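Structure record follows, encoded as structure tokens.
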Amino acid sequence: MSTGAEATVGDGDGVAAPAPASSTGVCSVRHGLALLVHLCNFAISTQQMNLSIALPAMVNGTAPSSPPNASSAAPVYAWSPEIQGVLLSSLSYGSFVASVPSGYVAGLVRPRHLIGAALLTFSALSLFIPLAAEAGVALLIVLRAVQGVAQVMIQTSQYLIWVKWAPPLERNQLITISISGLMLGSLTVLLVGGFLCETLGWPYVFYIFGGIGLACSCLWFPLVHDDPAAHPLISAAERDHIARALAQQDCEPDQALPIRAMARSLPLWSGLLSQFTEHWFFYVLMGYLPTYLHSVLHADLRASGFLSALLLGVAFISIILGGLLADFLLSRKVLSLLVVRRLFTSVGVLFPSLLSVLLPWVSFSLGVTMAFLALSLATSSLCQSGALVNFMDIAPRYTGFIRGLSLVFVQLSGVIAPTVSGFFLSQDAELGWRNIFLLSAAVDVSGLVFFLVFSRAEVQDWARAQTLTHL
């Protein structure tokens, strides 16, 4: 958020560095870049979820009733539930294996080239999913795993763009605008994916969203540049503003990684642990929200899908507003950077934890439950301007590698949280939900405590250029 006066950003100890504010505001090239990254994330998110939406129509005996020229004419397959589970997990296989290597590669290859190539590959492969399914389930699993590798390359590399493009007082809003595309993509595919399966047939879910991804990649290469100094459309005023704002930041990538120093860094561990704990409840909701709405609140399946999409819409708006609020507090010198990170993380953890624990006691009302869930997602989105972006504060020169490392913790949470939740439900369906929400709150709060004690917002010694202790 730009202001008309000179702005300052505080480090973790409250020390302020002057950075003149820009007058171009949301019409700037950097905000246009945020929109392009948003579209990239939108395309990836829709293609990440399209198999989950299309799979019921792809499996023999589960396709919805539809006109003869629609999904009933599309091929169906006799895949067992075990095979379906492997198919749905295959994207995560590639992402998990490639997270750390892609983070390291992201520091060596220009983000523009890496993201563009990964988006192009991911989208092109989506167009071949119907052919791969016809050729055999093994080929389909391999194809989705390769897509997982491309996906994680985008997730790790996009943060490197903001190392050189985002003034400290605008970093939160630019990042949250970018990553909000993930929520918008999930929302879109939930709303229209089933309709496409019923009217055009399930292959068109992959053709349409894959085509959108290809269109985004065609926009990406000519419009995106790694450095403001190399962008042909940027004004001299905006280029100078970014250069002045980042003049004191050491952000050049380093091929040698200070592994030992990283392993001993409690501020780094506080951020990594937060990635695990703060995604726990999110993955519980993504995996079991339709089941909860249907089995506990007795909402029909179609209504459950719509309500799930509605909650994602709330999260989409809240993420952007949270980024704007964080930058406003920093630009007006209301709070230091460290206080903003800790405050936003605290609100984003404590409110959802309390509301989730109360959910079993308000299950008598669908409206009250939806209000609680909406407030949970709205407040939890503040973590995107808190602990979840703190790694860029403490080690901007290693942004790609640490982002890749953090994705390992995110994916571990995505595996463990639904598995444990399923175990609770299998033991006792009535008490299972209460145990799920209690455990989610306990996990989330434990990560918050660790972050509040050990987090920092200044660049760590091991992340400075003069650091020579590498492994």
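The values are calculated or read from the model by the stated rules, or taken from the named source; none is laboratory data. Note that the structure is a prediction, hence the values are computed from the model and not measured. Glycine gets a Cβ as well: all are built from the backbone with ideal geometry, and neighbour counts include every protein chain shown. Note: accessible area is taken over every heavy atom of the protein model, side chains too, but ligands, DNA and RNA are not part of it. Shrake-Rupley method; radii C 1.70, N 1.55, O 1.52, S 1.80 Å.
Just flag the trypsin sites (Lys or Arg not before Pro) in the range 179-265 sitting in loop per DSSP whose Cβ has no more than 15 other Cβ atoms within 10 Å.
Here the sparse-neighbourhood loop sites are ARG264.
Evaluate Rg over Rh across the range 257-368, taking Cα atoms for both radii and Kirkwood's formula for Rh.
We get a ratio of 1.08 for the range 257-368.
How big is the convex hull of the Cα atoms of the range 314-437, per residue, in Å³?
It comes to 114 Å³ per residue, whole-number rounded.
Per-residue ellipticity at 222 nm for the chain, helices alone: DSSP H runs ≥ 4 residues times -39500 (n - 2.57), over residue total, nearest 500 deg cm²/dmol?
Computed mean residue ellipticity for the chain: -24500 deg cm²/dmol.
Where does each of MET370, MET153 land when they are ordered by accessible area, with a 1.4 Å probe and the largest first?
Per-residue accessible area, sorted high to low, gives MET153, MET370.
Identify, among VAL415, LEU438, LEU452, the residue whose Cα sits farthest towards the positive end of the charge dipole of the range 412-471, taking +1 on the Cβ of Lys and Arg and -1 on the Cβ of Asp and Glu, with the dipole about the Cα centre.
Going by the Cα projections, it comes out as LEU452.
In degrees from 0 to 90, rounded to the nearest 10, what is the angle of the helix 81-106 Cα long axis to the longest principal axis of the chain?
10
Can you tell me, using C-alpha contacts under 8 Å and at least 6 residues apart, the relative contact order of the chain as a whole percent?
Computed value for the chain: 25 percent relative contact order.
Using θ = phi - 60° and the Karplus curve 6.51 cos²θ - 1.76 cosθ + 1.60, what whole-Hz ³J(HN,Hα) does each residue of the range 115-128 get, with Gly and Pro shown as x?
5, x, 5, 5, 5, 4, 5, 4, 6, 5, 5, 4, 5, 9
Cα centroids of the range 185-252 and the range 375-400: how far apart, whole angstrom?
Using only Cα atoms to place each centre, the spacing works out to 20 Å.
Taking the Cβ of LEU88 as the center, what net charge do the other residues with Cβ under 14 Å away carry, scoring Lys and Arg +1 and Asp and Glu -1?
0
Using +1 at the C-beta of Lys and Arg and -1 at the C-beta of Asp and Glu, which of LEU310, PRO258, ALA378 has the Cα lying farthest in the positive direction of the dipole of the chain?
Positive-most Cα among the choices belongs to PRO258.
Compute the helix-to-body angle for 236-245: its Cα long axis versus the longest principal axis of the chain, expressed 0 to 90° and rounded to tens.
Helix 236-245 sits roughly 80 degrees off the main axis of the chain.
Compute the helix-to-body angle for 203-223: its Cα long axis versus the longest principal axis of the chain, expressed 0 to 90° and rounded to tens.
20
Using modelled amide H (1.01 Å from N, peptide plane; none on Pro or chain starts), what sits under 5 Å from the amide H of VAL59, excluding residues fewer than 5 places away?
Amide H neighbours of VAL59: TYR77.
Just how large is the dipole of the chain about the Cα centre, in debye to the nearest 20, putting +1 at every Lys and Arg Cβ and -1 at every Asp and Glu Cβ?
Here the chain has a charge dipole of around 340 debye.
Counting only the heavy atoms of the protein chains, how much of TYR207 is accessible to a 1.4 Å probe, in Å² to the nearest 10?
The accessible area comes out at roughly 90 Å².
For the range 332-337, in order, what is each residue's ³J(HN,Hα) by Karplus, 6.51 cos²θ - 1.76 cosθ + 1.60 with θ = phi - 60°, in whole Hz (x at glycine and Pro)?
8, 6, 6, 9, 7, 4
Just to verify a number: FRET efficiency for PHE454 and ALA73, C-beta to C-beta distance, R0 = 51 Å, to 0.05?
The formula returns an efficiency of 0.30 here.
Tell me the volume per residue, in Å³, of the convex hull enclosing the alpha carbons of the range 89-151.
Taking the convex hull of the Cα positions in the range 89-151, it is 62 Å³ per residue.
Rounded to the nearest 0.05, what FRET efficiency do ILE416 and PHE306 give with R0 = 22 Å and r taken as the Cβ-Cβ distance? Could you check?
The formula returns an efficiency of 0.15 here.
Along Cα→Cβ, 7 Å out, is where each label goes; now give me the distance between the ones at VAL26 and HIS298 in nm to one decimal.
4.4
Round to the nearest 0.05 the FRET efficiency obtained for SER235 and ALA215 when R0 = 30 Å and r is the Cβ-Cβ distance.
0.65
So what does log10 I(q)/I(0) come out to for the range 195-316 at q = 0.14, 0.18, 0.21, 0.23 Å⁻¹, using the Debye formula with one equal point on every Cα and no solvent?
-1.07, -1.09, -1.16, -1.23
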